[in-house]
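Structure first, commentary second.
Nothing in this text is a laboratory measurement; each read-out follows from the coordinates by a stated rule. What you see is a predicted model, and the numbers here were worked out from it, not measured in a lab. Note that each Cβ is placed from the backbone with ideal geometry, even for glycine, and that neighbours are counted across all protein chains shown.
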């Protein structure tokens, strides 16, 4: 069981390159199920969730391999298992993303209900209602979604009760091969949605309106193979910028897109940071102590829920009191008690956190509870006086590629330490 150990208090400076986006790469890989030919993927990050998706595609019968240029090649034409069993996808929230593509291709699917981070219910009922509107019969058996569409999926007008990113992606992919025009209303507008739509269009899909709240899909007979490239990871980008700011440093992230982070950059500017952007880079420089800023998480283009924990860590050291309102997930404040172990002054009231800034945090042993919470603890550890040890870092590995290497490049004193589970069990028995 790995741990990350940080000696804090060092201002981070320098430049680091953004990785490809996990939240873009997963639906792009799921889309391979629809494609009648080989696909070459560029900029796919090496992450635990990505490995899980690759393992799933290979288990289904697809050919999956890397080449010497670090491109991933996937050919799902040999695939013959329209399933996603629990043992393969139990750690990945995005497992349901293969449901629509499997149904569209095979007319049937059996997909385990999602696992992953315990940050809220994340119900997939909107996915299922949408697929039912397209002609699927769906039941839940022993924790699996069992769906059939013996006559294929037909077109429909689907209005989402609330904005859902994976629901939009799932139904957009399912509709890509349906006969006629499908309309998705109250669709998600995230950059990852646009990346998926652009990629599918390049392979023959007819999709319009991505980036707006109405997406129109005209089904086609087939999608051909080709090249797909993931966009930059906007959450990783912002996390490294936040690492610079919380330590009083000056960090530039390259090979990224500033337009994806308008809400985040506006808030850090409000907090007093100096922000500089170009076509493919963002620089954030601390300008004295950060000032308190309120945030309210909302679907894109609002402030991302995936950056709430990292921003809270910054506000824990800001001057004044800030209010953080979480409107997307009902259980996304589990990092608060861990930040409190480091001295943070945070009071919870339902889905609102009131953060009173303090002068310094102190290093402490803390435990990651989910992917983005783990990032907030890394940020806090980088700024804290003394040593911080973060356990359960497998959460970090689900969304941050080579995090120790990248932070080390910026000057962080951070190492990964592997602790044998057998040693831990022995220590417990001898205690």
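A few remarks follow.
- Between 68, 49, 125, the residue with the greatest mean-square fluctuation in the GNM of the chain (Cα pairs under 10 Å linked by springs) is 68.
- Crossing angle, helix 234-246 versus the chain [Cα axis fit, 0-90 degrees, rounded to tens]: 0
- Global form of the chain, assessed from the alpha-carbon gyration tensor, a/c cut-off 1.5: prolate
- Estimated 222 nm signal from helices in the chain, with DSSP H stretches of n ≥ 4 weighted -39500 (n - 2.57), rounded to 500: -9000 deg cm²/dmol
- GNM result for the chain, Cα springs below 10 Å: residue of 276, 87, 404 fluctuating most strongly: 87
- Simple spin-label estimate for residue 348 and residue 214 in nanometres, 7 Å along Cα-Cβ: 4.1
- Segment residue 55-residue 222, extension gain: residue separation times 0.36 nm, minus the distance between their alpha carbons: 57.7 nm
- Computed from Cα atoms, the angle from the helix 48-59 axis to the main principal axis of the chain rounds to 20 degrees.
- Computed E for residue 70/residue 327 - FRET, C-beta separation, R0 41 angstrom, nearest 0.05: 0.60
- Rounded, prolate or oblate (a/c below 1.5 giving rounded, otherwise prolate when a/b exceeds b/c) for segment 235-298 by Cα gyration tensor: oblate
- Taking 210, 279, 306 in turn, the Gaussian network model of the chain (Cα-Cα springs below 10 Å) assigns the largest fluctuation to 279.
- Anisotropy class of segment 40-155 from Cα gyration tensor, a/c 1.5 cut: oblate
- Helix 371-383 axis versus longest C-alpha principal axis of the chain: approximately 20°, rounded to the nearest ten.
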